[in-house]
Amino acid sequence: MTSSDRSAPAIDPDLVISHKFSEISFCYTERFVRCVKIRRLSAYSPSSCLIKCFPFSISFSLLSLLFFIVVVVFVANRDAALYALGVGACAGDAVDEKELNYVYHRNGQKSIKVLPTFAALFPFAEGLGLEKVSGLQYDPRLLLHGQQYIEIFRPLPSSGSIVNKVAIAGLHDKGKATIIELETTSYLKESGEALCMNRSTIYLRGSGGFSSSSHPYSYKTYPDNQILHVSVPKHQPTVVYEDTIQQSQALLYRLSGDYNPLHADPMIAQVAGFTRPILHGLCTLGFAVRAIIKCICNGEQTTVRNIFGRFLLHVYPGETLVTEIVIYQTKVKERNRAVLSGYVLLKHNSSLISGKYAFLLNEEV
């Protein structure tokens, strides 16, 4: 990068928000997306088998146009089972009564059970697509996944067609970095019913400082109180659950669709500042939520309503995740460092504990 490049703003917010995707055809054979296409249309129809992209008018002082793209995702039982294995299901005990149903049909089950964090894969069905956004310049090696928020509206199916509607929900100038928030609402293709919503918060390091005034640029489409602000209590956790991350865990998880070489290629990991490939943040989140379902919900995954996770630190395959459930926190055992914090809201159920549980994933020596 030249000195002239450094002096020019890396982000043009008006171009970012008004970006319209070009016509593209997608055909995935290795991912859980089977065969999808994209074209421009003037209206959204959940019954269509095509990805659609069109502008959506919105009244804001700083921006007048918001893009969103609609994607059709095809999922099968195999995809849900592969995902469950990718986040550690049955890793410690292949006949675990609370987890075998995620990967195997038994006792007359018509379909396998689906972990709620499986929904986190849907936004990445066609990739983030940030490289296509006009006015958004950043170094992809400096991209960090900062937070993930998930709302579950109904139990996730183990197979079927899902329509994704993706929008820019936030854009913020943080000086040394830009934060962009992508919101994906997923619908059942057959009925048009809302299934879940994901909001991914992405940090683009080195791309901030684009505000044209003394006030940092900041825009979002959702209310402040949608995400709860919780802190992990200092008292002893109610439950502590340990998971050993297999050396090949990132290689297994990537088969669910996130092929970022940072999680597989040693040279790329070193360029990014890590000693070796790291675990996907969403994989770590899957481990934490699975621990809560197993320990608090008696294995009943449909009790989960909302999930929020903030990624604090990287995880190396081979380390041990310790999920402390009070509200939750997860650590890496070997380094005694917190790597993830957040909360899970549970639906009311008289036979189960209901309420809010936070976790912190930790590493402990």
Residue count, the range 289-320, condition in contact with a Gly (Cβ under 8 Å, 6 or more places away or on another chain) and of a type in the set (D, E, K, R), comes to 2
Of residues in the range 108-118 being hydrophobic (A, V, I, L, M, F, W, C) and surrounded by fewer than 24 Cβ atoms within 10 Å (Cβ to Cβ), the one farthest from the chain's Cα centre (by Cα): I112
Taking the range 174-193 as the region of interest, how many residues are over 21 Å from L282 (Cβ atoms) and hydrophobic (A, V, I, L, M, F, W, C)? 1
T275 - would you say it is of a type in the set (S, T, N, Q) and part of a loop (DSSP other than H, G, I, E, B)? yes
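Assess whether G309 counts as being assigned to a loop (DSSP other than H, G, I, E, B) and either in contact (Cβ under 8 Å) with a residue 60 or more places away in the chain or within 13 Å of the chain's Cα centre (by Cα) (or both). Walk me through it before giving the result.
On the way: assigned to a loop (DSSP other than H, G, I, E, B): no; either in contact (Cβ under 8 Å) with a residue 60 or more places away in the chain or within 13 Å of the chain's Cα centre (by Cα) (or both): yes.
Spelling it out, it is not the case that G309 is assigned to a loop (DSSP other than H, G, I, E, B) and either in contact (Cβ under 8 Å) with a residue 60 or more places away in the chain or within 13 Å of the chain's Cα centre (by Cα) (or both).
Looking only at the range 84-128, count how many residues are in a loop (DSSP other than H, G, I, E, B) and of a type in the set (A, V, I, L, M, F, W, C). Write out each step before concluding.
Taking the range 84-128 first, the residues in a loop (DSSP other than H, G, I, E, B) are 87-99, 103-115, 125-128.
Now narrow it down to the ones that are of a type in the set (A, V, I, L, M, F, W, C): 87, 89-91, 94-95, 103, 112, 114-115, 125, 128.
Residues in the range 84-128 being in a loop (DSSP other than H, G, I, E, B) and of a type in the set (A, V, I, L, M, F, W, C): 12 in total.
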Could you tell me whether any residue of the range 104-116 is over 27 Å from Q249 (Cα atoms), in the same structural domain as I17 (by TED's automatic domain parsing) and not polar (S, T, N, Q)? yes
Residues in the range 312-342 that are aliphatic (A, V, I, L, M), touching a residue at least 40 places away in the same chain (Cβ under 8 Å) and in a strand (DSSP E or B): how many? 5
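The values are calculated or read from the model by the stated rules, or taken from the named source; none is laboratory data. The structure displayed is predicted, hence computed values, not measured ones. Backbone-built Cβ (ideal geometry, glycine too); neighbour counts: all protein chains shown.
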